Amino acid sequence: MRYSLFTASIATLLFSSSLMAMPKGDASQGEIKTPSCRFCHGSNGIAPRPDYPNLKGQQAEYLYNSMQAYLDGNRTGTMSAMMKAQLKNLSEQDIADIAEYYSQMK
């Protein structure tokens, strides 16, 4: 019994989409896909409001996993419904491209 619970736990972790490997992002494509991001997170990746996070220079994997967590309902908070609505029509590749774009901002 102990081993089947362990196996089930490992399988859950491996197949959780927020922990899956990020596709290789293309920053130039990501820039094209960020108009709605810029409204809250700033055109330079620095949010104009203190309650919105800055995206400039963040690690691509962190941004990708954060966006996937919003989509999966694993990230909650006051802005989670808005973030999920903004992300729902994006593919995993789109999200990887956006994450790469913001990670390369200096």
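The values are calculated or read from the model by the stated rules, or taken from the named source; none is laboratory data. Since this is a predicted model, take the numbers as computed values, not measurements. Cβ atoms come from the backbone with ideal geometry, glycine included; neighbour counts cover every protein chain shown.
At a glance:
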read-out	value
Residues satisfying the stated conditions in the range 28-46, i.e. surrounded by 16 or more Cβ atoms within 10 Å (Cβ to Cβ) and hydrophobic (A, V, I, L, M, F, W, C)	Cys37, Cys40
Some residue of the range 58-66 being over 17 Å from Leu90 (Cα atoms), within 15 Å of the chain's Cα centre (by Cα) and surrounded by 15 or more Cβ atoms within 10 Å (Cβ to Cβ)	yes
Selection within the range 7-27 - in a helix (DSSP H, G or I), modelled with pLDDT under 95 and surrounded by 12 or more Cβ atoms within 10 Å (Cβ to Cβ)	Ser17, Ser18, Leu19
Residue, modelled with the lowest pLDDT, within the range 74-86, restricted to residues that are more than 13 Å from His41 (Cβ to Cβ) and under 11 Å from the mean Cα position of the chain (by Cα)	Arg75
In the range 73-86, the residues that are outside any loop (DSSP other than H, G, I, E, B), more than 21 Å from Asp26 (Cα to Cα) and out of contact with any Leu (no Cβ under 8 Å at 6 or more places or on another chain)	Ser80, Ala81, Met82, Met83, Ala85
Near pairs, Cβ below 8 angstrom, 6+ apart or cross-chain, from the range 56-75 (under 22 Å from Gln104 (Cα atoms)) to any residue that is of a type in the set (Val, Ile, Thr) and assigned to a helix (DSSP H, G or I)	Leu63/Ile98; Tyr64/Ile95; Met67/Ile95; Met67/Ile98; Gln68/Ile95
Long-range neighbours under 7 Å by Cβ, at least six apart or interchain, first residue within 16 Å of Leu87 (Cβ to Cβ) and touching a residue at least 12 places away in the same chain (Cβ under 8 Å) within the range 27-38, second of a type in the set (Phe, Trp, Tyr) and surrounded by 15 or more Cβ atoms within 10 Å (Cβ to Cβ)	Gly30/Tyr101; Thr34/Tyr101
Residue in the range 55-72 that is in a loop (DSSP other than H, G, I, E, B), of a type in the set (S, T, N, Q) and at pLDDT 95 or above present	yes
Of residues in the range 87-106 being without any contact (Cβ under 8 Å) to a residue 24 or more places away in the chain and not in a helix (DSSP H, G or I), the one farthest from the chain's Cα centre (by Cα)	Asn89
